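K.L.:
Sharing a structure below in structure tokens format, with a few things to ask.
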Amino acid sequence: MLSKLAILGGPKSVGANHDEIFSWPIITDEDKEAVLDVLNRRAMSGTDITIKFEAEFAKWQGTSYALAFNNGTSALHAAMFGCGMGIGDEIICPSVTYWASITSAFSLGSTVAFADIDPESLCIDPASMEKRITRNTKAIMVVHYLAHPADMDPIMEIARKHKLKVIEDVSHAQGGMYKGKKLGTFGDVAAMSLMTGKSFAIGEGGMLVTNNAGIYERAIAFGHYERFDDRIKNEELKKYAGLPLGGYKYRMHQVSSAVGRVQLKYYDERCAGIRKSMDYFWELLKDVPGMKPHRVQDGLGSNMAGWYIPYAHYMKEQLGGLSITRFTEAVRAEGINNCVPGCNNPLHTHPVYNTCDIYGHGKPTRIANSREDEDIRAFDKDLPVSGKIGTVIFSAPWFKFYKPEIIEEYASAFRKVSENYKELLKDDPGDPPHIGTWHFFKQH
Ligand SMILES: *Cc1c(COP(=O)(O)O)cnc(C)c1O
């Protein structure tokens with residue numbers, strides 16, 4: 001006998017509060033002592049610990065250089081500057097990502113060409129990306145979205161053919177792999193957030209990694225005035241040493257660096273625990289109609305890193321056309337609060353990318369420095385997958401620890417809703433025209 005759905009007055013599948021299985025990051029005495037050491041030495045604004053963190057991070061990442069930032073947004077900003085982006089240049093970026101992947105391109109006088117995403121990986125679709133290339137394209141921003149590796153083989157092939165720089169935004173996928181090689185080592189440079197909501201969580205912080213000395217030095221020159229000195233070898237840059245070329249001050253707070261050094265030691269092992277838990281969860285749900293996990297399983301050594309944030313594809317046709325709105329409402333009623341439809345809204349639909357004149361050019365910033373007559377915004381029409389992303393995916397629990405009984409309880413909620421879908425059809429209000437949010441961040 002199937003038990004009655006909680007939304008229709010039945011018992012909840014998840015009764016007790018299981019906050020401990022979601023609590024992240026893991027903070028031990030080692031983190032606390034590292035933080036206290038910074039405070040006791042009044043070393044919050046220094047760079048000694050940061051430089052150690054960078055050396056350890058570069059070793060772990062497998063790149064020649066790592067440069068720490070006060071957040072991921074600034075690391076991405078510096079990566080774009082590092083690639084030489086300037087007035088009138090275009091950078092191709094998937095429309096479905098967090099705004100920080102790309103919005104700061106405007107401050108370089110550059111603009112954004114949006115590409116569509118692949119419906120399975122939810123990362124940039126290489127074919128759509130290629131269609132966006134013009135003679136003004138300088139770079140491509142690849143986002144390993146929701147921990148899924150982007151399809152780097154065709155992306156790099158297209159980029160090299162057109163001599164474009166590739167920047168990887170690894171904010172969702174630190175330590176993840178694509179075909180056995182670490183994310184963040186495919187493009188010319190990678191940048192990532194290490195803020196507390198991410199799987200690699202150290203406080204506010206970001207990291208830029210690269211094998212390219214030129215990009216590294218430009219990134220220093222951009223926002224690290226205190227390191228823009230005789231350590232810089234580039235003759236052109238040297239002339240301006242002492243002041244940050246971008247006019248930004250981007251160094252990492254050393255409380256974050258200290259936490260980062262400790263977190264790095266345990267990160268891979270802790271991510272393996274997350275993957276074990278998530279694999280078990282999806283294994284329990286493998287034959288359940290209406291949903292399948294957003295994940296990579298190519299048998300070639302790709303993985304879901306620390307699985308920031310688990311999502312499922314929703315297949316309403318397997319559930320009699322039940323709306324994702326009603327489906328997720330029923331799952332939440334079973335005791336799983338964070339099961340919601342949609343992800344980041346497609347950026348091309350926001351007025352900042354359409355009408356907003358941010359810098360007083362007298363025209364929208366998106367086209368303020370265009371070199372062509374053709375309006376770059378016109379191509380946004382051609383993004384069908386991004387346009388409807390809100391109705392085809394929903395968020396799932398992000399288990400940090402392998403506790404089979406608890407994971408089974410959560411899985412049983414999804415199974416129960418799927419098995420009883422017919423009872424939900426009669427009161428189904430359908431989906432509203434837009435589902436999604438501009439950001440996920442919930443303040444504590
Ligand atoms: C979080 C995030 C960023 C920005 O990082 P912050 O540390 O918050 O500045 C950039 N890109 C993506 C995809 C992100 O999720």
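The values are calculated or read from the model by the stated rules, or taken from the named source; none is laboratory data. All values derive from a computational prediction rather than experimental measurement. Note that each Cβ is placed from the backbone with ideal geometry, even for glycine, and that neighbours are counted across all protein chains shown.
K.L.:
Mind checking which residues of segment 69-100 are within 12 Å of the ligand (Cβ to nearest atom) and part of a strand (DSSP E or B)?
P.N.:
The answer is Phe69, Cys93, Pro94.
This table checks each residue for (1) surrounded by fewer than 19 Cβ atoms within 10 Å (Cβ to Cβ); (2) within 24 Å of Asp118 (Cβ to Cβ).
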residue	(1), (2)
Tyr250	no, no
Gln254	no, no
Ala258	no, no
Gly273	yes, no
Lys276	yes, no
Ala305	no, yes
Gly320	yes, no
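K.L.:
Does any residue in segment 89-103 that is among the hydrophobic types (A, V, I, L, M, F, W, C) and at pLDDT 95 or above come within less than 7 Å, Cβ to Cβ, of a residue that is part of a loop (DSSP other than H, G, I, E, B) and near the ligand (Cβ under 10 Å from one of its atoms) six or more places away or on a different chain, and which pairs are these?
P.N.:
Ile91/Ile102; Cys93/Ile102
K.L.:
Of these, Ser395, Ser418, Ser370, which one is of a type in the set (Ser, Thr, Tyr) and in contact with a Phe, Trp or Tyr (Cβ under 7 Å, 6 or more places away or on another chain)? Even if it seems obvious, please write down each step before you answer.
P.N.:
Details: Ser418 fails: in contact with a Phe, Trp or Tyr (Cβ under 7 Å, 6 or more places away or on another chain); Ser370 fails: in contact with a Phe, Trp or Tyr (Cβ under 7 Å, 6 or more places away or on another chain).
Result: Ser395 is the single residue among Ser395, Ser418, Ser370 that is of a type in the set (Ser, Thr, Tyr) and in contact with a Phe, Trp or Tyr (Cβ under 7 Å, 6 or more places away or on another chain).
K.L.:
Considering only residues that are hydrophobic (A, V, I, L, M, F, W, C) and modelled with pLDDT of 95 or more, which ones fall in segment 1-35?
P.N.:
Going through segment 1-35, the residues hydrophobic (A, V, I, L, M, F, W, C) turn out to be 1-2, 5-8, 14, 16, 21-22, 24, 26-27, 34-35.
Matches in segment 1-35: Leu5, Ala6, Ile7, Leu8, Val14, Ile21, Phe22, Trp24, Ile26, Ile27, Ala34, Val35.
K.L.:
Only one of these is more than 18 Å from Asp431 (Cβ to Cβ) and touching a Pro at 6+ places or on another chain (Cβ under 6 Å): Thr365, Thr355, Thr328. Name it. Steps first, please.
P.N.:
Numbers: Thr365 fails: touching a Pro at 6+ places or on another chain (Cβ under 6 Å); Thr328 fails: more than 18 Å from Asp431 (Cβ to Cβ).
Result: Thr355 is the single residue among Thr365, Thr355, Thr328 that is more than 18 Å from Asp431 (Cβ to Cβ) and touching a Pro at 6+ places or on another chain (Cβ under 6 Å).
K.L.:
Can you find a residue in segment 156-168 that is under 17 Å from Gly306 (Cα atoms), within 16 Å of the ligand (Cβ to nearest atom), of a type outside the set (D, E, K, R) and touching a residue at least 24 places away in the same chain (Cβ under 8 Å)?
P.N.:
no
K.L.:
Which of (1) within 22 Å of Trp438 (Cα to Cα); (2) buried (at least 18 other Cβ atoms within 10 Å of the Cβ); (3) under 17 Å from the mean Cα position of the chain (by Cα); (4) not basic (Lys, Arg) does Ala113 not meet, given it meets every other one?
P.N.:
Of everything listed in (1) within 22 Å of Trp438 (Cα to Cα); (2) buried (at least 18 other Cβ atoms within 10 Å of the Cβ); (3) under 17 Å from the mean Cα position of the chain (by Cα); (4) not basic (Lys, Arg), Ala113 misses just condition (3).
K.L.:
Separate question: Just one of (1) of a type outside the set (S, T, N, Q); (2) surrounded by 14 or more Cβ atoms within 10 Å (Cβ to Cβ); (3) within 30 Å of Cys339 (Cβ to Cβ); (4) within 28 Å of the chain's Cα centre (by Cα) trips up Lys12, so point out which.
P.N.:
Exception for Lys12: condition (4).
K.L.:
Could you please let me know if Met44 is modelled with pLDDT of 95 or more and either within 15 Å of the ligand (Cβ to nearest atom) or surrounded by 22 or more Cβ atoms within 10 Å (Cβ to Cβ) (or both)?
P.N.:
Numbers: modelled with pLDDT of 95 or more: yes; either within 15 Å of the ligand (Cβ to nearest atom) or surrounded by 22 or more Cβ atoms within 10 Å (Cβ to Cβ) (or both): no.
Considered against the rule, which asks whether it is modelled with pLDDT of 95 or more and either within 15 Å of the ligand (Cβ to nearest atom) or surrounded by 22 or more Cβ atoms within 10 Å (Cβ to Cβ) (or both), Met44 comes out as no.
K.L.:
Go through segment 187-291 and tell me which helices (runs of 4 or more DSSP H), entirely inside it, have 1 or more residues that are within 22 Å of Leu39 (Cβ to Cβ) and hydrophobic (A, V, I, L, M, F, W, C). Walk me through how you get there before you give the answer.
P.N.:
Working: elements: 213-223, 235-238, 254-284.
Filter on segment 187-291 gives 254-284.
The rows are residues; the columns are (1) modelled with pLDDT under 95; (2) in a strand (DSSP E or B); (3) not aliphatic (A, V, I, L, M).
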residue	(1), (2), (3)
Thr134	no, no, yes
Met141	no, yes, no
Met156	no, no, no
Glu168	no, yes, yes
Thr185	no, no, yes
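K.L.:
In addition: Asn17 is checked against (1) touching a Ser or Thr at 6+ places or on another chain (Cβ under 8 Å); (2) in a loop (DSSP other than H, G, I, E, B) and fails just one. What number does that condition carry?
P.N.:
Of the numbered conditions (1) touching a Ser or Thr at 6+ places or on another chain (Cβ under 8 Å); (2) in a loop (DSSP other than H, G, I, E, B), the odd one out for Asn17 is (1).
K.L.:
Among the residues in segment 311-320, are any farther than 24 Å from Ser171 by Cβ, part of a helix (DSSP H, G or I), out of contact with any Leu (no Cβ under 7 Å at 6 or more places or on another chain) and among the aromatic types (Phe, Trp, Tyr)?
P.N.:
Looking for residues that are farther than 24 Å from Ser171 by Cβ, part of a helix (DSSP H, G or I), out of contact with any Leu (no Cβ under 7 Å at 6 or more places or on another chain) and among the aromatic types (Phe, Trp, Tyr), one finds none in segment 311-320, hence no.
K.L.:
Given the criterion in a helix (DSSP H, G or I), at pLDDT 95 or above and within 23 Å of the chain's Cα centre (by Cα), identify the matching residue among Arg332, Arg366. Let's see the steps before the verdict.
P.N.:
Details: Arg332 fails: within 23 Å of the chain's Cα centre (by Cα).
Going through Arg332, Arg366 in turn, just one is in a helix (DSSP H, G or I), at pLDDT 95 or above and within 23 Å of the chain's Cα centre (by Cα): Arg366.
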